[in-house]
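Below you'll find the structure, written out as structure tokens, and then a few comments.
The values are calculated or read from the model by the stated rules, or taken from the named source; none is laboratory data. No experiment lies behind these values; they were computed from the predicted model shown. A quick note on method: Cβ atoms are made from the backbone with ideal geometry, for glycine too, and the neighbour counts reach across all protein chains shown. Just the protein is used for accessible areas: all its heavy atoms, side chains included, with ligands, DNA and RNA removed. Shrake-Rupley method; radii C 1.70, N 1.55, O 1.52, S 1.80 Å.
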Amino acid sequence: MKNVMKTEFSALAENEAFARATAASFIMPLDPTVEELTEVKTAVSEAVSNSIIHGYGGCEDKASERVIMECAVFENGKVVITIEDEGVGIEDVEKAREPLFSTGDSEERSGMGFTVMESFMDKVKVKSEKGKGTTVILTKYLDVVSDL
């Protein structure tokens, strides 16, 4: 591993932009293309939004709930971003990964979060336990030109 960063923030909607920008800034030394940067930012945005909306959706005081994000970069251009919450968890992870499936309001939610993450990242791993939270591990292999 070349470098690692871990941050924790309140499960508030406005912190999704913070998480996206933080992850993007952290991988900048790998000199990602604009497309790679956009893909990582979009996947992080989806994972964090899912934690806030679905993981902590029923909580009255989301400011007291936490989302944890860890980013790791490797010499070969591998980027691993982990988004973790201690929310309600996902009852059926495989069902939740199906396109158009959502536990939220169907008029407000498209049910495409995991599909979007999977389309932009090389690997998406989801670990969840009902009542104990969810961890999403996003892996992306950047085309590294320089020898970092």
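Among the residues of the range 117-134, those identified as polar (S, T, N, Q) and crowded, with 17+ Cβ neighbours inside 10 Å are Ser128, Thr134.
For the range 91-129, give me each residue that is at pLDDT 65 or above, within 15 Å of the chain's Cα centre (by Cα) and part of a loop (DSSP other than H, G, I, E, B). Hits for the range 91-129 are Met121, Asp122.
All conditions but one from (1) crowded, with 17+ Cβ neighbours inside 10 Å; (2) modelled with pLDDT under 85 apply to Cys59; the one that does not is (1). Pairs linking a residue in the range 56-84 that is closer than 13 Å to Phe26 by Cβ to a residue that is acidic (Asp, Glu) and part of a strand (DSSP E or B), with Cβ atoms under 6 Å and 6 or more positions apart or on different chains, are Thr82/Glu70.
Of all residues assigned to the range 27-42, at least one qualifies as being touching a residue at least 12 places away in the same chain (Cβ under 8 Å), in a loop (DSSP other than H, G, I, E, B), open to solvent by 50 Å² or more (accessible area, probe 1.4 Å) and not aromatic (Phe, Trp, Tyr).
Among the residues making up the range 130-148, those that are of a type in the set (A, V, I, L, M) and at pLDDT 65 or above are Val136, Ile137, Leu138, Leu142, Val144.
Scanning the range 1-23 for residues that are of a type in the set (Gly, Ala, Ser), surrounded by 15 or more Cβ atoms within 10 Å (Cβ to Cβ) and over 12 Å from the mean Cα position of the chain (by Cα) yields Ser10, Ala11.
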